[in-house]
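Peer 1: Here you go, one structure.
Here, each number is a calculation from the coordinates, and none is a lab measurement. Just so it is clear, the model here is predicted, and its values are computed rather than measured. Counting neighbours? That spans all protein chains shown, and the Cβs are built from the backbone with ideal geometry, glycine included.
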Amino acid sequence: MTVRLLPPTLVNQIAAGEVVERPASAVKELVENALDAGATRIEVVLVEGGQALISVADDGCGMAPDEMSLAVERHATSKLPDDDLVRIRFLGFRGEALPSIGSVARLSLTSRPKGAETAWSLMVEGGAKGEPVPAALSAGTRVEVRDLFYATPARLKFLKSVRAELGQAVDVLERLAMAHPAVAFSLSDGSRKLLDLAARRGEPRAARLSRVAQVVGRDFEANALELDAERDGVRLSGWAGLPTYNRATAAAQYLFVNGRPVKDRLVVGAVRGAYQDVLARDRHPVVALFLDLDPEQVDVNVHPAKAEVRFRDSGNVRGLIVGAIRHALAGAGHRASTTLTGHALGALGGSLGEPPSPTPYRPGFSWQAPPRPSLPLMRSADSAQAPLGLAEAVPSAPPGAVAEDEPAQDYPLGAARAQLHDTYIIAQTASGMVIVDQHAAHERLVFERLKRSLEEGGVARQGLLLPEVVDLGEAACARLAEHADDLARLGLVVEGFGPGAVVVREVPALLGDGDVQGLVRDLADELAEWGQGHALKDRLLHVCATMACHGSVRAGRRLGVGEMNALLRAMEATPLSGQCNHGRPTHVSLSLAEIEKLFGRR
C-alpha cells in the first residue's frame, strides 16, 4: 500500500463533510458570510428543504470578479487581515464554506460591489470552477446552491424530511437574527414565507429584547429577568426566564459568545446549575445569554462548524453565569410567570369574553346556602389552635396583621379568605385574587431555611423520642453509611442497624413530624442515581430539596386563618417563592378584570 496525496476534489468533499452536514449548515455558513460583509438585509429561500435549492441574497459590500475566483478556493478569506487566529472578530474565517459547498453541489455566485458598473457571476459544479461572466444584480451578493450532495449521493440518505430540514434552517436563522437585531432576515420555501424578522433599530438593549421576543414568543418579555454582570473582563447580558416559564427541551436556550451562536456544554451546564433548585430535572429554562470578552480569552477554532468554543478561564465564565442568574432569580421573589394566569383561565371557563353557559333549571331542585362560619379575618400564626405548628416553619405575621379592617392591597399576595379542599389557599388582593398551593409554597420556605442553616454552619437537629428503623437493603444502607457525615451536616443522623437496615436518631428541626421513612428511602435512591463519581457535598441542595418536600405542609391538611396569612407573608419575604423546589408554581394570580371577562362582565 503506497502513500499518495488525495486529489483536490476529494479533499474538498471531505472538508464539506465536516462543514456542511445538512442544508441548514450551508445556510449558516452563507448567512455568516453575508453578515461579515456588512449586510442589513438577508433573504433566504429553501426549496425542498434546501436539497433542490438554497438561495441567500444580501445587500453587503459585494465582491469584484478576481475576488470571486479566489473566494471559491480553499482557505481563501478576507477575514484574517493580520493572519492572527487568536483575535478573531468575524463569524467566518476558515475560508472553507464556498469551496466545500461547491464540491458537493452546483454553486452559483453572483456579486456586485458598491459603485461597480455591473455584476459578475461564477459557477462551481462538483468542484469544477468556471470563469466569471457578466450578470444582472443591483448590489450585494447572491449565492445559489442547487442539487445539494448530488456529487456525494451517500449523504442524501442521511437527510431528514423536508419539514425537519426546514425546521433546522429556521433555528439557525433565528439564532443568527437574535445576535444581529439591526439586520432584517427572511426565509421562504419558494411559495410562502416561514420567517420574516424586520430590522430592530434604536437603543441596543431594547432592540435586542424586541428581536428575542420575536423569536421566542411575545410572552418572553413579560416573563424574563434582565441580566447585566461583569467579572474579570467577561460581561454577561441578556435575559433569563422565570422558573415557571419553562420548556420540555433545551431548544429555547440561546447562547452567544461575541455575537456568535454556540451550543457550548460549559454554558449549558452553567445554566442548568443556576436553575438546579428551582426546576424539575425534566424541565428546561428559557434563556438568551450574550457573553462578551476579549477574543484572546476564547478559542472559536476548536470545532469545524464553530458550534463550540473553549474559554481560557472556564471557571470564571461558569461562575459569572451561575451567579448572575441566581441573583436575578432571587430578586424576583415570589413572582411567577404570567402564562399561568392564561392556563388557569382556560381551565376555569374556556376562552375569554365568552361567559359560561348557565346551569339549566331542574324542576324540584332547590339549593340553600350553608351557614357561613364565623371566623375572624386573621388569627395569630402562633395560636394554640394551629394544627401544624406553622409558626416554627414560617415567620409570624407582621405587627398589625391581625387587624380585620386592614386593606388587602397592603400585601402583594393579599389576605387569606378561604382554604379549598384543605390544599389551596384563596387570598384577596387589591386588584384580584391569588390561589396558593400550600404544600408547594411551604416546601420552598423550608428549603430556603435549610439552605441558610447550611451556609451558617449546620442545620439544627432534634432527637427522635423513638428512633426510626428503616429497612432498605444492604446496598442502600452502604450508600447511606458512606455519606453519613455529610447527612449529619444537614441534621439527619443515621446509623447502621443490622443487615439491610438503618436507624434514624436525629432529623432536621425544621422538618417537624415529616415522613422519615420516605425521606431516607428517597435519599438512598438519589445516591444510587448519582453514582460514586459525585461527592454528596456537590449535591447538598438536592438533599435539602428532598428533605423540604418531606417536611413541608401536606396537601389535605387544614390550616387556620393565621397560618394561611403567615404563609403568605413568608412567601413575600422569601426569594424564589414563586415555585417549589421541583419547579412547580406555588401560586396563580387572577386580576379582577380577568375574572370579570370570565363571567361576561366585560
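Peer 1: Once amide H atoms are built 1.01 Å from N in the peptide plane, which residues 5 or more positions from residue 241, or in another chain, come under 5 Å H to H?
Peer 2: It is 225, 286, 287, 288, by chain and number.
Peer 1: Whole-Hz Karplus ³J(HN,Hα) for the range 286-297, in order, using 6.51 cos²θ - 1.76 cosθ + 1.60 and θ = phi - 60°, x for Gly and Pro?
Peer 2: For the range 286-297, the Karplus-derived couplings read 9, 9, 9, 10, 10, 9, 10, 8, 4, x, 5, 8 Hz, x marking Gly and Pro.
Peer 1: Give a residue-ordered list of calculated ³J(HN,Hα) values for the range 522-528 (Karplus: 6.51 cos²θ - 1.76 cosθ + 1.60, θ = phi - 60°; whole Hz; x for Gly, Pro).
Peer 2: With the stated coefficients, the range 522-528 comes to 5, 5, 5, 5, 5, 4, 5 Hz.
Peer 1: A further question on this structure: Return the long-range amide H neighbours of residue 53 (sequence gap of 5 or more, or a different chain), with a cut-off of under 5 Å between placed amide H atoms.
Peer 2: Distant-sequence amide H within range of residue 53: 47, 147.
Peer 1: Using θ = phi - 60° and the Karplus relation 6.51 cos²θ - 1.76 cosθ + 1.60, list the HN-Hα couplings for the range 102-109 in order, rounded to whole Hz, with x at every Gly or Pro.
Peer 2: 3J(HN,Hα) across the range 102-109, in whole Hz: x, 7, 10, 8, 9, 9, 10, 10.
Peer 1: Which ordering of 118, 152 is given by a fewest-first count of other beta-carbon atoms within 10 Å?
Peer 2: 118, 152
Peer 1: Also: Under a 5 Å amide H to amide H cut-off, with H placed in plane at 1.01 Å, what residues pair with residue 472 once short-range neighbours are removed?
Peer 2: So residue 472 has HN proximity to 501, 502.
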